Structures are given as C-alpha cells and as structure tokens.
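See structure below.
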Amino acid sequence: MADHFQTGVKRGDLLVATPKLNSQPWRRSVILVTESNRSNVMGTILNRPTMMTTDDVTDFAIPRTQVYMGGPVSTQALFMLHTSDFSSSNTLEVTDSWSVSSDNLMFEKLSFGDEPTWHRFYMGSAGWLPQQLEHEIDQGAWMVLHKPTFSCVTADATAQWRMCLDTISQNIFDNYI
C-alpha cells in the first residue's frame, strides 16, 4: 500500500502525542499506524489499558489478558496486535514485524497454546480523514517515529510515551552530530 502522500507516515510508524494534545484519549498517546494510504490513516493507541480482560470479551478458554482501548472508532471491534510470527484467517500484515488479527480462529489457536512471540488485545481504533493528520502534524500535535524498535511498540503502557519521546529526541540529536 502507498504511504500517506501528504504526511510521509507509513504503516508501522508511531505517532507520539506532543503536550499540545491535552484531551483524552490523545493525551500522551502512542499510536501504531496500521494503515496509511491516500484515503486515510488508521492506527491503534498502544498505551490505554482498560478495566476489561479477555474474560470479559470472549468465551474462549485463553489466558486472562488485559484489553486496551485502541481508539474511539469502532469501539466494539476486538482485535489482537501481534508479532508477525502468527497468523489467522483474518490477519492483516502491517509490516514484516507486526500484524493484526480479528477472528474466532485466533482465539482457538491461542486456547491451544499457539501464540505469537508478543501480543496485546485492543478494542477500537484511531483514524484520520484526508489532510486531517497532515494538519495535526503541522500544528505540532504529533511527532512521527519511523521504524520504531520492538521495545517502543511493546513497552509497558505507563512508560511507553516517555520511552518514545526519548527515542525521538535521540534520533534528532544523532542526525545533527
């Protein structure tokens, strides 16, 4: 798929909220871009845990795991973000490293111990209309972290925003030395 032509944001990039974004759910959010094309940009807020667990959202016998809020769009949609060493009947490859699955087969596989190296469950997603994200980046609401490390994507929700800011700062510093 083509990158978002206006922003240069690619699938697999992280959008990191700046202090200008003060309202929830955007305040201090870290968003993995899962789709980026001429029509829209879609992503998943990585660092918004909920009070729900997988016990609350599925009847499959899988290990009890916390569910995160992926964003304010389609909040009833449950999916699993995971490393690409796992696939199911409805898996979208985001990058060579990351995929998203959403179907009953993924739960069946998990219940039999067929698990990816890393995974996390989310409900909902984030999305931008054409030129909306470009405007928000131009206004200083988001910083873009291209090709994030595994630890930036999988970090504990309480430390993730700061870790990504530190990585962006280091990248800027490294580019000027």
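Here are a few things to note about the model shown:
- Checking every residue in region 44-61 against the condition of being over 24 Å from Lys109 (Cβ atoms), touching a Lys or Arg at 6+ places or on another chain (Cβ under 6 Å) and surrounded by 14 or more Cβ atoms within 10 Å (Cβ to Cβ) gives zero matches.
- Hey, Asn171 without any contact (Cβ under 8 Å) to a residue 12 or more places away in the chain and under 26 Å from Lys20 (Cα atoms) or not: no
- Among the residues examined, Pro19 does not qualify as in a loop (DSSP other than H, G, I, E, B) and either surrounded by 13 or more Cβ atoms within 10 Å (Cβ to Cβ) or hydroxyl-bearing (Ser, Thr, Tyr) (or both).
- Only a single item in (1) charged (D, E, K, R); (2) surrounded by 12 or more Cβ atoms within 10 Å (Cβ to Cβ); (3) assigned to a helix (DSSP H, G or I) is not met by Asp174, and it is number (2).
- Output for region 1-19, where each listed residue is on the phi < 0 side of the Ramachandran plot, in contact with a strand residue (DSSP E or B) (Cβ under 9 Å, 6 or more places away or on another chain) and at pLDDT 90 or above: Val9, Lys10, Arg11, Asp13, Leu14, Leu15, Val16, Ala17, Thr18
- Residues (hydroxyl-bearing (Ser, Thr, Tyr), at pLDDT below 95 and assigned to a strand (DSSP E or B)) located in region 63-118: Ser74, Thr75
- Only one of Ser99, Ser88, Ser151 that is of a type in the set (Ser, Thr, Tyr) and surrounded by fewer than 18 Cβ atoms within 10 Å (Cβ to Cβ): Ser151
- Meets criteria (part of a helix (DSSP H, G or I), touching a Ser or Thr at 6+ places or on another chain (Cβ under 8 Å), under 26 Å from Met51 (Cα atoms) and touching a residue at least 12 places away in the same chain (Cβ under 8 Å)) for Phe121: no
- Here Asp166, Asp138 are screened, and the one residue that is over 18 Å from Val33 (Cα atoms), out of contact with any Asp or Glu (no Cβ under 8 Å at 6 or more places or on another chain) and without any contact (Cβ under 8 Å) to a residue 60 or more places away in the chain is Asp166.
- Condition met for Glu108 (free of Cβ contacts under 8 Å to residues at least 24 places away in the same chain and not hydroxyl-bearing (Ser, Thr, Tyr)): no
The values are calculated or read from the model by the stated rules, or taken from the named source; none is laboratory data. Just so it is clear, the structure is predicted and the values come from calculations on it, not from any experiment. Virtual Cβ from ideal backbone geometry, glycine too; neighbours counted across all protein chains shown.
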